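Below: one structure, written as structure tokens.
No lab work stands behind these numbers, since they all come straight from the coordinates. None of these values were measured; they are calculated from a predicted model. Neighbour counts run over all protein chains shown; Cβ positions are idealised from the backbone, glycine included.
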Ligand code: NCC
């Protein structure tokens with residue numbers, strides 16, 4: 001049973017505010033080889049809509065959650081960066097439809113982006129932060145992490161891959177939404193991959209279930225389910241406005257406290273929900 005304090009205006013407001021998800025198109029880009037590398041096929045076709053979608057955070061609270069079976073029942077499963085499934089199936093499942101990667105993962109040698117099987121046979125979406133006021137081509141000349149070489153090499157080696165780049169100004173529209181709905185002042189850094197994933201999927205899914213974005217009773221100071229590293233800033237944010245993102249997710253949630261804080265997921269109806 002949904003908690004009585006769920007306000008459908010939060011859900012519908014979020015759904016309409018984050019509309020306008022955009023990836024770079026060849027025509028946006030002056031860099032000739034990069035422009036040619038962008039696939040003609042869009043990340044999602046107009047008719048690609050899904051019933052249930054699952055977004056799996058990288059949080060350490062997924063360990064010992066036994067949520068893998070439930071996650072794999074979803075029509076679409078979104079994961080982030082280099083988060084593995086192999087060896088963690090019981091807790092995080094094994095299905096992956098799409099991965100969102102930040103540009104560090106595409107560029108830093110430790111992630112082996114060009115050779116790792118983690119990035120093959122699925123949709124890929126990369127983002128890199130621009131300055132709030134930069135034009136697309138100013139940003140492409142001087143990105144935070146220079147992803148161009150590896151993006152082009154990956155597309156050459158995998159010409160059938162569906163690998164797109166988020167339009168950097170869309171990230172700032174999401175930031176505007178978060179700031180407009182947050183009483184406190186937030187730092188001017190783009191939202192995390194997790195919030196981008198929610199915004200991307202709300203128009204495509206009847207329901208978006210988000211696993212361990214609100215830390216459950218398994219709360220730990222560790223960062224990721226696949227590492228022992230201790231770092232609470234992974235959960236509450238230091239660079240990304242993570243705490244503000246999580247409060248907005250919770251405001252739009254329709255699941256009970258038991259499901260959110262004990263089982264470990266919250267649920268947000270998509271645009272096509274009868275609620276809106
Ligand atoms: O940790 P990260 O995040 O890859 O996690 C993906 C998304 O899961 C949610 N999360 C993660 C950990 C945690 N304890 N609680 C959570 O809620 C967040 O919504 C997060 O977006 C990123 O967003 O891309 C990020 O990437 C890492 C890092 O680059 C990659 O893991 C690769 O190593 C960033 N960390 C650093 O740069 C040190 C992180 O700030 C953002």
For the chain, find the longest principal axis of its Cα atoms and tell me its angle to the long axis of helix 242-251, 0 to 90°, nearest 10. 50
What angle, in degrees between 0 and 90 and rounded to the nearest 10, separates the Cα long axis of helix 148-157 from the longest principal axis of the Cα atoms of the chain? 90
Within a 10 angstrom radius of the beta carbon, how do 116, 193, 103, 206 rank from fewest other beta carbons to most? 116, 206, 103, 193
Based on DSSP H runs of at least 4 residues, each adding -39500 (n - 2.57), what is the mean residue ellipticity at 222 nm of the chain after dividing by all its residues, to the nearest 500 deg cm²/dmol? -7500 deg cm²/dmol
Counted neighbours (other Cβ, 10 Å), sorted fewest up, put 187, 121, 99 in the order 121, 187, 99
Distance from the Cα centre of segment 222-269 to that of segment 137-151, in angstrom? 30
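Would you mind computing Rg(Cα) / (2.2 N^0.38 Å) for the chain, counting N as its residues? Before the final figure, lay out the partial values.
Numbers: Rg = 18.0 Å, N = 276, 2.2 N^0.38 = 18.6 Å.
In units of the globular-protein estimate, the chain measures up at 0.96.
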Rounded to the nearest 10, the angle in degrees between the Cα long axis of helix 168-180 and the longest principal axis of the Cα atoms of the chain comes to 30
